[in-house]
Amino acid sequence: MIEPAWAHLRLRDRLRPGVRVLFVGINPGVRSAETGHHFAGFSNRFWKLLTESRLVPEPITYVDDDRLVEWGLGITNLIARPTPGINDLRPQEYVEGWTILERKIRRYRPAVVALVGVTVYRAILPLLADPVPVRRRSAATPPESVLGLRPEVVHGARLFVLPNPSGRNANFTRAEMLEAFKALRRYLSRR
């Protein structure tokens, strides 16, 4: 089987010391891999939600992802390998991805790790060194019940779960997504 041209492409993290928030997607989609920019899918609402929630002070799009660090924001993925969908990811990739992500959190020391998607949170929860047992959620737990600030702390960073802004996500309305992004902004303003 011939691999597609994008199969070996990897996105560069937009990250530097001093970031307040590190956004973590599950893995790049094909369009993101091809453009070299995070959340570049045609139906992805990430950039509009960042703007409308006022997490960034001006409208930006995926081509501006380098600018996130200007506002104390960073972005990476749990798994570096691009795929058309998460069903193509292997269980071992989650474990390896968490090991790499944990090193980034330890190195860059963000105040908040914003997991972009309930799936990301559910993937890493069993991998945390010291998960909060009373707050563990099963796959059957409704997605909206895990949104927002979580009790887990990783190298001093609080976990915050946002809805996945992909156009494929039918679990949340646009209004619910925007409210979650606004909740992150409110949390940051209180810190």
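The values are calculated or read from the model by the stated rules, or taken from the named source; none is laboratory data. Since this is a predicted model, take the numbers as computed values, not measurements. Every residue, glycine as well, gets a Cβ built from its backbone with ideal geometry; the counts of neighbours run over all protein chains shown. Note: accessible area is taken over every heavy atom of the protein model, side chains too, but ligands, DNA and RNA are not part of it. Shrake-Rupley method; radii C 1.70, N 1.55, O 1.52, S 1.80 Å.
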Practice item. Kindly provide the set of residues from the stretch 7-29 that are at pLDDT 95 or above, of a type in the set (A, V, I, L, M) and not in a loop (DSSP other than H, G, I, E, B), ordered by number. Key: VAL21, LEU22, VAL24
Exercise for review: For ARG20, indicate whether it is within 24 Å of VAL161 (Cβ to Cβ), surrounded by 14 or more Cβ atoms within 10 Å (Cβ to Cβ), touching a residue at least 60 places away in the same chain (Cβ under 8 Å) and in contact with a strand residue (DSSP E or B) (Cβ under 6 Å, 6 or more places away or on another chain).
Suggested key: no
Review point. For ARG67, all conditions in the list (1) under 14 Å from the mean Cα position of the chain (by Cα); (2) more than 17 Å from GLU34 (Cβ to Cβ); (3) modelled with pLDDT of 95 or more hold save one; what is the number of the exception?
Key: (1)
Practice item. Could you tell me which of the residues ARG168, ARG158 is of a type in the set (D, E, K, R), in contact with a strand residue (DSSP E or B) (Cβ under 6 Å, 6 or more places away or on another chain) and modelled with pLDDT of 70 or more? Key: ARG158
Study note, to complete from the structure: Per the filter on the stretch 168-183, residues basic (Lys, Arg), part of a helix (DSSP H, G or I) and open to solvent by 70 Å² or more (accessible area, probe 1.4 Å) are ARG174
Practice item. Please determine, by comparing only the residues of the stretch 49-60 that are more than 14 Å from the chain's Cα centre (by Cα) and in contact (Cβ under 8 Å) with a residue 24 or more places away in the chain, which one is surrounded by the fewest Cβ atoms within 10 Å (Cβ to Cβ). Key: ARG54
Check your understanding: Scanning for something modelled with pLDDT of 95 or more and more than 24 Å from THR173 (Cα to Cα), does the stretch 48-62 turn up at least one residue?
Key -> no
**Study point:** Candidates GLY72, GLY29, filtered to the one that is in contact (Cβ under 8 Å) with a residue 24 or more places away in the chain, open to solvent by less than 70 Å² (accessible area, probe 1.4 Å) and more than 27 Å from ARG191 (Cα to Cα)
**Key:** GLY29
Check your understanding: So which pairs qualify, if the first residue must be in the stretch 170-190 and within 14 Å of GLU52 (Cβ to Cβ), the second must be of a type outside the set (Ser, Thr, Tyr) and open to solvent by 70 Å² or more (accessible area, probe 1.4 Å), the Cβ gap must be under 8 Å, and the two must be at least 6 apart or on different chains?
Key -> GLU176/GLU144; LEU178/GLU52; PHE181/GLU52; LYS182/ARG54; ARG185/ARG54
Check your understanding: What number of residues in the stretch 121-150 are at pLDDT 90 or above and either in contact with a strand residue (DSSP E or B) (Cβ under 6 Å, 6 or more places away or on another chain) or under 18 Å from ARG186 (Cβ atoms) (or both)?
Key -> 6
Practice item. Answer yes or no as to whether VAL63 is touching a Ser or Thr at 6+ places or on another chain (Cβ under 9 Å) and open to solvent by 40 Å² or more (accessible area, probe 1.4 Å). Key: yes
Exercise for review: May I ask you to list pairs of residues, at least six apart or on different chains, whose Cβ atoms are under 8 Å apart, with the first in the stretch 93-113 being in contact (Cβ under 8 Å) with a residue 40 or more places away in the chain and β-branched (Val, Ile, Thr) and the second being open to solvent by 20 Å² or more (accessible area, probe 1.4 Å) and part of a helix (DSSP H, G or I)?
Suggested key: VAL112/TYR187
